[in-house]
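Scroll down for the structure; my scribbles are underneath it.
Here, each number is a calculation from the coordinates, and none is a lab measurement. All of these numbers come straight from a predicted model, not from anything done at the bench. Neighbour counts run over all protein chains shown; Cβ positions are idealised from the backbone, glycine included.
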Amino acid sequence: MRQENEVTPAEVGPDAGALRNYGKLKHQIVDAIRQLQRLLEQRGDTQGASGCHDLMVRLAEDRFTLAVVGQFKRGKSTLMNAIIGRDLLPTGVLPLTSAITVLKYGPAEKLVIRHEGRGLPLEEPASRLADYVTEKGNPGNRKHVKTACLEVPVPFLRRGLEFVDTPGVGSAIEANTATTYGFLPQCDAVVFVTSVDAPVTQAEVALLAGIRQQVRRIFYVVNKTDLLGQTELDEVLRFIADALGREDAAGPVRLFPVSSRLALQAKLTSDPLGYAASGLKALEEALAEFLVQDKATTFLVSVIDRALHLLPAEPDGTPASSGGQEDSMASLGRRLDAIRRLLLAGQTERVREVPQDAASAAVAEVRAVRQEVAAPAAVDVRKDLQTRGCPFCRYLGETLLRFFAHWQYILSSDEAVQRQFAAESGFCPVHTWQLVAVSSPQGLSLGYPTLVERVASRLAFLVATPEADTRALRTLVPGPRECRVCRLLEEAEQTYVAQLVTHLASDSGRQAFAKGQGLCLRHLAVVSAAAPQDLVEFLITHAVRRLVEMAEDMRSYALKRDAIRRQLSNRNEEDAYVRAIIHLVGESRVCMPWRQDGEA
């Protein structure tokens, strides 16, 4: 049985677990650097804070460029179509132009064309790609296309992975060969494509020599394996392995036999067995392993090294570690160093074991804010009675605003709060949207991923566990009993009832109340349940008078509008409809799915 935190891919394709884990690892490092930046800003170290920002820029721009390179007519474009699972790149017997075609992730299909010598890109439908990258649509590249970037919603490309389809070398178009060679320095790795129908020509040997001068890692793909029977295929693969091994100083090479045609067909028909048999699954998983274990490790270790150098140090060169922010920064340093050592040891799966609580104490002021946000606001009944709405609602509304003002900050800056928020499944729907209304997109993007990942894991667990009770889906959306804000308001309500009843026990208190607007119906019922009979009669009598006045004011306002005598309306008439609605259902900011009387 799978564990609850395991998520399985939902479609035919490579197991993207390694890339997904890399993304999580990268964001753990981002979180630590972000907290270090806040601490350095608090210390007034603008240079160090700027250095942290530069590191986050590097992490944000992180991408892997893999060029697919080979001789003309080796099936490179078909291989790319198989990788993305769509028949989008043009294929055929004619060579492409000297334009570079880039495949990258995008939420919707679109084609972005960049021209030589022109600053602004041109956006086109994906279906027009052939008009820019084929000899038929763009002979001799007379449209001066530099790159054609095709954005597609392919999960395998999500984490900064870019596949580049280069022009085939060895055709009659000499510019194609020059374009391909010129692009090699920008590559992190190369997928070199040959095929079984004309294995390892002299032109390919020369191409490989040029690739090895520019690129450290090469994946050798032998395409069109479906053209041969197994015996013939084995002979051809041995011949290719021997030929490439003689040319590669590193010794024997690993070949990836692939039928791009069958792989594309398997993806289009959601055939996992056909996908594995085509050979593409082995290639894609090897690419993912390289991206995480080789390229990614080197990149992340270099970022961590720079972050560690930004930590303040004592004169002897050791990180400062005495008191307050220094202790917090020392904790961050230990955390980053622990992640670095696990990366270098190839134990990325153990990064989740690195303690995070010490680092979440990094922002000292968060601790005070977290304590402050735990209790309702202080009660000031006299001030509340001055509102033109319900004084009870006003108090609860101020408690809400105070809570959300603090919560949106600590949720975006404290990992411990984020984990607790996820464990509680967030807020009820009403208070979730109220939090959204007072938070920034960046704050929500920092605070919500842990919760979203937890929900995804719980859903995956339900799918993977046939005996699981799907009624558990209801627990993923908190109700009033589970919502932290609902509980806060209930506590605030109980506090306010006692204070209000005490205030109204005196003649002066009732006189002050009589001048106000009175209570909404809900809070009239709440207070009446805890008040003596004479106070209940006073409150209801006052409510009757105010509601009648509001009805009169609304009718008067409507009459003056009909008569085009708007200037005759007074303030009571202009906001009577608002006051009336508040008294019927309460203020909008404190309306919530309260439990019905008698519910446990």
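For K515, the lysines whose Cα comes closer than 20 Å to its Cα, not counting residues fewer than 8 places off in the same chain, are K383. For region 371-476, the C-alpha radius of gyration divided by 2.2 N^0.38 Å, with N the number of residues, is 1.36.
Label separation (A378 vs T201): 8.6 nm, computed from points 7 Å beyond Cα along the C-beta direction.
For R63 and I540 in one chain, what is 0.36 nm times their gap in residues minus the Cα-Cα distance, to one decimal in nm? Stretched fully, the R63-I540 segment lengthens by 165.0 nm.
Taking the Cα atoms of region 486-590, the ratio Rg/Rh between the radius of gyration and the Kirkwood radius comes to 1.06.
Please rank T495, T166, fewest neighbouring Cβ atoms within 10 Å first, as an exposure proxy.
T495, T166
For V436 and S270, the FRET efficiency from 1/(1 + (r/R0)^6), where r spans their Cβ atoms and R0 equals 51 Å, is about 0.90. In region 371-476, a dipole from Cβ-located charges (positive for Lys and Arg, negative for Asp and Glu) runs towards its positive end, and of L401, G389, G443 it is G389 whose Cα lies farthest in that direction.
Annotation: region 439-499 has a Kirkwood hydrodynamic radius of 14.4 angstrom, from the mean reciprocal C-alpha pair distance. The alpha-carbon positions of region 65-278 define a convex hull whose volume is 123 Å³ per residue. Note on V585 and Q567: the extension gain reaches 3.5 nm, defined as 0.36 nm multiplied by sequence separation minus the Cα-Cα distance. Pairs exceeding 26 Å between alpha-carbon atoms, taken from K104/K143; K143/K267; K24/K110: K143/K267; K24/K110. Each residue of region 75-82 is assigned a 3J(HN,Hα), and the resulting list reads x, 5, 5, 5, 4, 5, 4, 5 Hz, derived from the Karplus form 6.51 cos²θ - 1.76 cosθ + 1.60 (θ = phi - 60°), x at Gly and Pro. Packing, as the average of other Cβ atoms within 10 Å across residues, places the peptides 444-450, 123-129, 559-565 in the order 444-450, 123-129, 559-565, highest first. Here the gap between L459 and A108, fully extended at 0.36 nm per residue and compared with their Cα-Cα distance, gives a gain of 123.8 nm. Assuming charge only on the beta carbon of Lys and Arg (+1) and of Asp and Glu (-1), the dipole of region 65-278 about its Cα centre is about 520 debye to the nearest 20. With neighbour counts taken as other beta-carbon atoms within 10 Å, the residues L36, L344 rank, fewest first, as L344, L36.
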